[in-house]
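The values are calculated or read from the model by the stated rules, or taken from the named source; none is laboratory data. What you see is a predicted model, and the numbers here were worked out from it, not measured in a lab. Here the Cβ positions follow ideal geometry from the backbone for every residue, glycine too, while neighbour counts run over all protein chains shown.
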Amino acid sequence: MSESVPPSTVGHLCCGAPNPGHPRHYCGLFGVFNHEQAPELTYYGLYALQHRGQESAGIVACDDDGQFRVHRGMGLVPQVFSEERLKGLNGRMAIGHTRYSTTGSSHLRNAQPLTVDCSRGQIAIAHNGNLTNAAQLRAELEERGSIFQTTVDSEIIVHLLAQPGPPGDSTLVQSIRRIEGAYSLLLMTTNELIGVRDPHGFRPLSLGRLKDGWVLASETCAFDLIQADFVRDVDPGEAVIIDRDGVRSIQIFPEHRRRAFCIFEYVYFARPDSAISGRNVHQVRVAMGRQLAKEQPREADLVVPVPDSGNCAALGYSLQSGIPFEMAFVRNHYVGRSFLQPTQLIRDFNVRVKLNLIGDLVRGKRVIIVDDSIVRGTTCQTRVNNLKEAGAREVHVMVSCPPHQHPCVYGIDFPERDKLMAARYSLDQIRDYLNADSLAYLSQEGMVEATGLSPDSFCMACYDGDYPVPYDASLDKHIMESRRARVQTLGEGLAEDTRQQRLF
Ligand code: SF4
């Protein structure tokens with residue numbers, strides 16, 4: 001080994017993320033049109049989408065007098081909304097948002113949905129994704145007199161919509177055509193709920209039906225919770241406009257644009273009980289595990305998932321190989337945020353506290369451990385060491401997607417390239433660092449095959465560096481600065497969270 005792999009200096013100490021060592025989610029969107037309990041349904045919808053963002057949550061409801069009522073706060077959905085807070089929101093239309101910040105700092109003022117009262121009336125917006133031309137548009141708007149209240153790129157869309165223009169849909173169309181990058185949006189005016197997906201379709205957005213009303217959500221699992229019927233996915237480049245006359249559809253980008261759905265939704269982000277492009281996410285992950293077993297067979301006694309992220313792929317590996325599946329790691333579901341300072345001891349504790357190993361199951365056994373990704377390697381190394389300390393004879397690490405070698409500029413919090421383990425080290429170096437007997441990743445072709453869709457459907461830039469939407473390299477700097485700002489202000493945001501819990 002020519003270069004040793006240094007111990008990671010990065011620990012997810014304050015994030016409350018479901019799985020340390022994984023990239024964080026971005027945002028969840030949920031909207032309701034024409035239901036007497038729109039705010040309550042939105043609350044439950046956000047509950048179902050909590051995995052997409054745990055830093056802040058918010059709901060804007062439009063009451064029967066056409067007034068917007070807003071509540072936003074730092075923390076998880078049940079921390080942000082008490083019963084009284086929900087009662088203060090009423091109306092037959094609402095949109096909600098759960099956020100993990102990928103641009104802008106983690107601060108209450110950046111919590112969404114955002115609202116604006118302009119010459120067009122009131123507009124609320126909830127956004128999932130990252131705009132790749134945000135810096136340029138913001139500078140342009142500021143030059144023309146726009147005053148920004150937040151540091152999030154979503155506010156740019158609100159300012160574009162608030163610009164003077166003809167009535168009707170053309171302002172919406174012209175505004176959306178100016179933004180570039182990855183976005184799914186919910187917009188609410190006093191009489192319309194609008195869902196928009198970017199022309200490449202990076203982020204999911206689905207339409208559902210509930211009695212006489214309509215719902216829009218980032219993932220279909222939110223429909224199940226409120227017993228709404230899935231109608232269809234919003235198409236890439238489409239705006240779905242819902243008003244008292246029903247649902248209209250506008251294709252904002254009639255010219256052909258490359259499709260680029262984020263394949264990492266199938267690998268990790270989306271909930272397994274969601275369906276995207278007609279494919280159930282659990283079944284796709286099982287197929288990835290099966291494919292991995294075909295590509296990377298091993299002689300072993302047990303297949304063990306890293307819960308919960310590796311569960312489906314490990315099941316697939318086991319089914320394909322015939323090697324017994326065993327839940328040897330037990331997850332502690334009651335671990336929340338840690339406020340302790342990041343000493344190495346606390347870092348180790350944070351990695352261990354969420355999962356405990358049933359040593360008797362693995363003692364003397366050859367174990368295949370399956371997870372869906374290795375980003376920095378720290379967490380995986382701890383799991384391998386857990387298994388070896390418990391007496392596992394061999395530990396083979398299997399990853400149900402290819403190595404992550406490039407940062408994401410479309411809204412996923414992958415670290416800079418120099419912190420991505422696979423970008424810096426060879427397979428053998430990583431295997432040695434993990435202390436594993438072997439290490440293998442699913443091939444890119446195998447990953448795509450498991451989805452049953454064409455390779456042209458996907459963005460896979462974090463694997464192969466082929467970015468579907470060109471971006472200014474200086475954006476890397478902008479994104480990283482935003483992320484640093486987010487980390488710096490996280491303590492401030494949490495302080496607000498604590499204040500809020502005392503107040504309500
Ligand atoms: S770069 Fe990776 S994580 Fe980002 S949108 Fe593309 S596939 Fe998803």
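Per-structure values
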quantity	calculated
Where Leu131 falls short, out of the listed (1) crowded, with 24+ Cβ neighbours inside 10 Å; (2) aliphatic (A, V, I, L, M); (3) touching a Ser or Thr at 6+ places or on another chain (Cβ under 7 Å)	(3)
Every pair of residues 6+ apart whose Cβ atoms lie under 8 Å, when the first sits in segment 167-186 and is on the phi > 0 side of the Ramachandran plot while the second is at pLDDT 95 or above and outside any helix (DSSP H, G or I)	Gly181/Asp198; Gly181/Phe202
Counted residues, segment 450-462 - those being more than 7 Å from the ligand (Cβ to nearest atom) and part of a helix (DSSP H, G or I)	5
Only one of Glu445, Glu416 that is within 19 Å of the chain's Cα centre (by Cα) and exposed (fewer than 15 other Cβ atoms within 10 Å of the Cβ)	Glu416
Tally, over segment 61-91, of residues that are of a type in the set (Asp, Glu) and in contact (Cβ under 8 Å) with a residue 60 or more places away in the chain	1
Tally, over segment 183-207, of residues that are closer than 21 Å to Ala162 by Cα, touching a Cys at 6+ places or on another chain (Cβ under 8 Å) and within 16 Å of the ligand (Cβ to nearest atom)	0
Every residue from segment 199-225 that is at pLDDT 95 or above, over 16 Å from the mean Cα position of the chain (by Cα) and either β-branched (Val, Ile, Thr) or not in a strand (DSSP E or B) (or both)	Pro199, His200, Val215, Phe223, Asp224
Members of segment 170-183 that are part of a strand (DSSP E or B) and within 24 Å of Asp117 (Cβ to Cβ)	Tyr183
Failed item, numbered, when Ala124 is tested on (1) in a loop (DSSP other than H, G, I, E, B); (2) at pLDDT 90 or above; (3) more than 16 Å from the ligand (Cβ to nearest atom)	(1)
Pairs, first farther than 14 Å from Gly411 by Cα in segment 448-472, second of a type in the set (Gly, Ala, Ser) and more than 11 Å from the ligand (Cβ to nearest atom), C-beta under 7 Å, six or more apart	Ala450/Ala287; Leu453/Ser277
Residue in segment 230-243 that is within 23 Å of the chain's Cα centre (by Cα), more than 25 Å from Gly168 (Cβ to Cβ) and of a type outside the set (A, V, I, L, M) present	yes
Segments classed as strands (runs of 3 or more DSSP E), wholly inside segment 28-116, with at least 1 members that are surrounded by fewer than 18 Cβ atoms within 10 Å (Cβ to Cβ) and among the charged types (D, E, K, R)	68-74
So Ile241, is it in contact (Cβ under 8 Å) with a residue 12 or more places away in the chain, in contact with a helix residue (DSSP H, G or I) (Cβ under 7 Å, 6 or more places away or on another chain) and among the β-branched types (Val, Ile, Thr)	no
Residue count, segment 114-141 (criterion: small (Gly, Ala, Ser) and under 17 Å from Ile59 (Cβ atoms))	2
Single condition Arg298 does not satisfy, out of (1) in contact with a strand residue (DSSP E or B) (Cβ under 7 Å, 6 or more places away or on another chain); (2) within 16 Å of the ligand (Cβ to nearest atom)	(2)
Criterion violated by Ala94 - all others in (1) without any contact (Cβ under 8 Å) to a residue 60 or more places away in the chain; (2) in contact with a Ser or Thr (Cβ under 7 Å, 6 or more places away or on another chain) satisfied	(1)
Tally, over segment 244-276, of residues that are under 19 Å from Arg209 (Cβ atoms), of a type in the set (Gly, Ala, Ser) and either touching a residue at least 40 places away in the same chain (Cβ under 8 Å) or within 16 Å of the ligand (Cβ to nearest atom) (or both)	2
Leu387 vs. criteria under 18 Å from Pro297 (Cα atoms), among the aliphatic types (A, V, I, L, M) and away from the ligand (no atom under 16 Å from the Cβ)	no
Hey, Arg376 surrounded by 18 or more Cβ atoms within 10 Å (Cβ to Cβ), in contact with a helix residue (DSSP H, G or I) (Cβ under 8 Å, 6 or more places away or on another chain), over 24 Å from Leu315 (Cβ atoms) and not hydrophobic (A, V, I, L, M, F, W, C) or not	yes
Residues of segment 419-436 satisfying the condition of being at pLDDT below 90 and either crowded, with 20+ Cβ neighbours inside 10 Å or under 21 Å from Val303 (Cα atoms) (or both)	Leu420, Met421
